[in-house]
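Here is the structure we will look at, set down as structure tokens.
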Amino acid sequence: MSGKKGLVQKAGGLLSDLKVYWKIPMPGRYMTFKEIAAYAGGGIGAYFIIYMGSHLIVNTNNMIVGGAIGVSPTHMYILYIISTLANIPLTAVRANMIDNTRNKAGKYRPYLISMGIPTVLVVLGYVYFPYNLLYSLFPMHILGFEGGYIAKLAVVLIFNLLLQFFFNFFQDSYTNLIHVLSPNTQERTDVLAIKSVVYSLAPSIANAVVPAVADFLTDNDMYDIKVYRVCYPIFAVLGVVLTAIVYAHTKEKIVQAKTRVVQVNFRDAFRSVAKNKYFWIIALAGWLGFLESSYGNILSWTYNYGHACSGKVYGLLFTVIGNASMWGMILAPFCIRALGKKKVLVGVNTMNVICILAMGINRTSIWWLAVCVYINYLFGAFEQITTPAIQADIRDYHQYRTGERIDGMFATVQTIGNVVTLVTSSVLPFVYESYGIKEGNGYESPYDILDVTTGEPGLLKKVIGALILMAAAGAFLNMVPYLFYDIKEVQHKSIIRILKIRAMFEDFGNGVTNDRTLVEAIDYIRDAEALENKEKVPVSKKDKRADKKAYKEARKYNEEIEIAKLVRAEIDKFASEEYKIKLEINEPIYKAGLAGLFNADRNALKTELSNAKKMPKTNDHEKELRSFAIEVARHKLISRTAIDANYKSLSDFVQPDYAVLESYYDAEDACDEKIRELYQKQDEAKKAKNKAEVARIKPLIKAEKAKKAEWQKKSKSEMEVHAAFARAAKPYLDAEKMLKQKENYTHYEELASLYDEAKARIEAEDAAALEAQKKEAAEKQADKERRLAEKKAKKIKK
């Protein structure tokens with residue numbers, strides 16, 4: 001009974017927390033329950049859009065393009081090459097937009113709507129296009145192929161290129177949004193688990209509906225385009241409506257100074273990300289594991305070409321299999337807490353290898369294959385939590401190392417690396433062709449040769465065996481890079497604290513203080529001062545069995561000691577030998593000013609770079625200094641080139657006023673607000689059936705849009721001026737930043753003197769917000785009870 005009572009108490013406590021912290025975050029957290037609910041619940045809509053886009057974007061496994069539209073594996077691979085190469089500059093454009101965004105809505109949120117709606121329109125155009133009509137429009141033969149088939153390839157390519165931009169932008173925006181919703185890595189992991197469990201309803205529903213529609217409409221033929229013309233419009237409407245909830249009820253929270261001007265140079269950001277070793281670990285895992293997805297078609301082929309079960313049974317199977325992911329997502333946060341992200345990733349990838357190989361035990365039984373896929377999905381679901389969590393940690397680490405918050409450029413560098421997959425992805429089409437799955441094999445669709453009743457006998461079983469071996473090899477290769485990942489959870493906590501400390505000092509240096517940032521940062525510094533010289537407490541599993549609470553407290557105490565050492569190292573870094581040398585390099589650059597860069601001799605700069613490369617590198621300290629000296633010398637050479645290209649005289653080489661650019665942005669915002677108001681008035685006029693008012697407002701909207709376009713043109717031109725200066729003056733600006741940070745760090749006592757008053761204001765503010773939330777919850781409960789009482793009274797009266 002006590003166990004049941006405790007469970008009830010926990011449930012009651014959770015319900016109470018939901019009410020109290022619906023609009024304000026819990027202590028130590030950054031997201032409200034309302035925000036979590038919006039991000040997770042709206043994610044169902046986002047994943048309906050992602051489901052459609054991912055099933056239509058061309059890759060070597062795409063069976064809608066291959067089976068329903070009728071493109072052969074070889075030609076699909078050619079389209080894949082073209083779209084992958086085209087996606088490189090498109091990704092660069094996306095990255096530049098994200099990293100230099102100045103939208104009040106944040107880095108990612110604005111694109112949920114502006115990219116989501118075009119994605120849906122492209123998807124619907126993709127499935128509704130009359131492909132068969134092309135054969136009558138183009139009856140001639142081209143290069144030995146029917147003209148209609150060539151035209152079909154061109155149409156598929158156009159739709160795919162559109163998806164490469166809009167769909168990938170949308171998917172990046174939703175999946176990467178968690179990176180900036182909270183700086184707390186464990187909170188991100190917990191929210192990812194909740195989000196993943198909830199959004200999995202979308203693919204689960206889709207995977208049940210599509211076979212059911214195929215069973216009813218096309219006699220179990222899932223590769224008939226009619227199926228998708230029925231299903232996708234419904235998914236599209238649900239997708240857009242629910243995604244709007246994510247946009248409306250979430251808020252981005254990036255740890256950086258309030259006064260920080262976001263201005264990321266494309267080439268510098270590219271080079272910076274390319275030096276991040278953790279980026280390469282994640283990227284390599286994807287590139288090397290290209291074969292793992294080979295098993296993805298096995299179950300659908302066994303149903304569609306092996307006729308192993310009916311459409312209803314297949315839909316039920318996939319519904320059950322989809323639920324496997326839910327259990328993996330639920331378990332992931334607990335496993336990460338206990339083992340850490342690295343051990344979890346290595347473990348689940350090992351299990352993936354085992355599950356895929358187990359499919360070979362009985363290649364013809366859809367039930368056995370379904371069991372193996374179920375278990376594989378369960379373990380694979382862990383990566384839906386761990387991979388985004390690690391991606392977020394890597395971006396925080398990058399900001400800690402470089403001082404700049406870069407998000408979009410990670411995707412660009414990874415996409416450029418995806419050129420590697422152009423070669424590796426040719427393996428699957430080659431295997432298909434070697435088994436006779438190709439255009440001109442005598443069947444209506446190249447894949448019909450696999451059919452156990454009308455195709456080549458025994459071929460399906462052979463191909464499935466080959467795919468199992470390839471997928472197992474891919475899963476193993478996917479695991480190997482993670483063996484070198486070494487950012488521990490305690491290290492990430494230290495990084496976030498250090499970023500908050502830096503933000504406090506930077507804001508102070510710019511004449512701004514934020515109570516909450518100040519109190520948090522001072523607390524971190526004081527905690528570090530108290531713990532940096534303490535010794536860790538010995539802990540063992542035996543202690544855990546004896547007293548679980550004491551064991552947890554001891555581990556937390558030891559963790560705080562580790563964090564304290566890293567925080568103190570940050571505060572005292574300018575007294576270290578490493579930073580003394582860095583200051584010696586930067587001080588002359590700062591003192592020489594912009595004139596020093598303008599008058600620099602290129603040959604002397606080349607000599608400086610050559611000397612930097614000759615510096616010793618026998619240990620980590622020497623490697624760090626050598627890398628720093630090389631980077632400074634290289635930036636001086638880049639600066640020389642940029643000055644020659646953009647500035648004729650020293651008088652031209654002056655820092656542009658950011659206030660000018662800000663005024664253009666403010667004018668854009670004012671236009672946006674005016675356009676919003678006009679649309680609102682227009683809607684009201686339409687509802688009132690006031691045609692004259694609608695006609696009057698229409699040209700006003702057009703004029704305001706034209707005005708906004710002019711401001712955008714001016715801001716773009718001014719931004720180019722700022723970007724050119726940032727590149728030309730980078731050595732000076734970097735030196736200035738380091739010297740200012742050194743100066744700001746000397747004002748700790750001055751900031752600490754503001755602590756008590758700032759904390760009192762925060763406590764009063766939090767208490768008022770909590771009281772308001774409790775009052776609102778109580779009023780809602782009272783209103784609910786009142787309505788129930790009235791309803792009960794009416795029943796009694798009757």
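The values are calculated or read from the model by the stated rules, or taken from the named source; none is laboratory data. Note that the structure is predicted; figures quoted are calculated from it, not measured. Positions of Cβ are generated from backbone atoms using ideal geometry, with glycine treated the same way; all protein chains shown enter the neighbour counts. Note: areas computed on protein heavy atoms with side chains; ligands, DNA, RNA excluded. Shrake-Rupley method; radii C 1.70, N 1.55, O 1.52, S 1.80 Å.
Here segment 586-721 is treated with +1 on each Lys and Arg Cβ and -1 on each Asp and Glu Cβ, and its dipole about the Cα centre works out to around 720 debye.
Mean separation of Cα pairs under 8 Å and 6 or more residues apart, divided by the residue count, gives the chain a relative contact order of 15 percent. What the phi angles of segment 497-502 give under the Karplus curve with 6.51, -1.76 and 1.60, with θ = phi - 60°, is a coupling list of 5, 5, 4, 5, 5, 4 Hz, glycine and proline written as x. Judged by the gyration tensor of its Cα atoms, with axes a ≥ b ≥ c, segment 95-225 is oblate; a/c meets the 1.5 cut and b/c is at least as large as a/b.
Does anyone have the angle between helix 2-20 and the longest principal axis of the chain? Alpha-carbon axes, 0 to 90°, nearest 10? With both axes taken from Cα atoms, the answer is about 70 degrees.
The calculated FRET efficiency for the pair LEU238 and GLN491, based on their C-beta separation and a Förster distance of 35 Å, comes to about 0.30. Ranking ALA645, SER114, ILE36 by Cα position along the charge dipole of the chain, where only Lys, Arg, Asp and Glu carry charges on their C-beta atoms, puts ILE36 farthest toward the positive end. How much of the accessible area of segment 539-657, probe 1.4 Å, is carbon plus sulfur, in whole percent? Using a 1.4 Å probe with all protein chains present, segment 539-657 comes out at 50 percent carbon and sulfur. Label point of ASP756 set 7 angstrom out along Cα-Cβ; within segment 496-522, amide nitrogens under 19 Å from it belong to 515-516, 518-522. Taken per residue, the accessible surface of segment 491-553 reaches 58 Å², heavy atoms only and a 1.4 Å probe.
Between helix 577-598 and the chain there is an angle of about 90 degrees, using the helix long axis and the longest principal axis of the Cα atoms.
Projecting the Cα atoms of VAL654, GLN781, LEU181 onto the dipole axis of the chain, where Lys and Arg carry +1 and Asp and Glu carry -1 at the beta carbon, places GLN781 farthest toward the positive end.
Label-to-label distance for SER426 and ALA769 is 5.7 nm, based on points extended 7 Å past Cα in the beta-carbon direction.
For the chain, take the longest principal axis of its alpha carbons; what is the angle in degrees between that and the long axis of helix 408-417, to the nearest 10 within 0 to 90? Roughly 50 degrees between the two axes. Here, segment 333-401 is characterised by an Rg to Rh ratio of 1.15, where Rg is the alpha-carbon radius of gyration and Rh the Kirkwood radius. Evaluate E = 1/(1 + (r/R0)^6) for TRP327 and LYS784, where r is the Cβ-Cβ distance and R0 equals 25 Å; express this FRET efficiency to the nearest 0.05. Taking R0 as 25 Å, the efficiency between TRP327 and LYS784 is 0.15.
Coupling constants for segment 128-141 follow from the phi torsions by the Karplus curve (6.51 cos²θ - 1.76 cosθ + 1.60, θ = phi - 60°), and in residue order they are 8, 5, x, 5, 5, 5, 5, 5, 7, 6, 10, x, 6, 9 Hz; glycine and proline get x.
Accessible surface area normalised per residue over segment 270-335 is 37 Å², counting heavy atoms of protein chains with a 1.4 Å rolling probe. Checking the Cα-Cα distances for LYS536/LYS742; LYS107/LYS342; LYS341/LYS623; LYS500/LYS742 against a 23 Å cut-off, the pairs over it are LYS536/LYS742; LYS107/LYS342; LYS341/LYS623.
The average projected area of segment 36-100, computed from the convex hull of its Cα atoms over all directions, is 6.0 nm². Using only alpha-carbon positions in the chain, the gyration tensor eigenvalues give semi-axes of 46, 36, 32 Å once each is multiplied by 5 and square-rooted (largest first).
Ranked by the mean number of other Cβ atoms within 10 Å of their residues, highest first, the peptides 706-719, 70-83 come out as 70-83, 706-719. Counting 0.36 nm for each residue step from LYS275 to ASP683 and taking away their Cα separation leaves a gain of 141.7 nm. In the chain, a dipole from Cβ-located charges (positive for Lys and Arg, negative for Asp and Glu) runs towards its positive end, and of VAL632, ASN297, THR74 it is ASN297 whose Cα lies farthest in that direction. Annotation: for a label point projected 7 angstrom from Cα along Cα→Cβ of LYS617, residues of segment 626-648 with backbone N closer than 15 Å are 626-634. Here the chain is assigned +1 on the Cβ of each Lys and Arg and -1 on the Cβ of each Asp and Glu. Its dipole about the Cα centre then comes out at about 1860 debye. Legend: calculated FRET efficiency, LYS591 to LYS548, from the Cβ-Cβ distance at R0 = 35 Å, rounded to 0.05, equals 0.05.
Adding -39500 (n - 2.57) for every DSSP H run of four residues or longer, then dividing by how many residues the chain holds, sets the calculated 222 nm ellipticity at -26000 deg cm²/dmol. Annotation for TYR658 and GLU710: the two label points, set 7 Å from Cα along the Cα-Cβ direction, are 2.8 nm apart. Stretched out straight at 0.36 nm per residue, the stretch from GLU720 to SER649 would grow longer than its current Cα-Cα span by 23.7 nm. For segment 97-184, the Cβ-based charge dipole about the Cα centre amounts to some 340 debye (Lys, Arg positive; Asp, Glu negative; other atoms uncharged). Listed by chain and number, the lysines whose alpha-carbon sits under 25 Å from that of LYS791, ignoring those within fewer than 8 places in the same chain, are LYS19, LYS775, LYS780.
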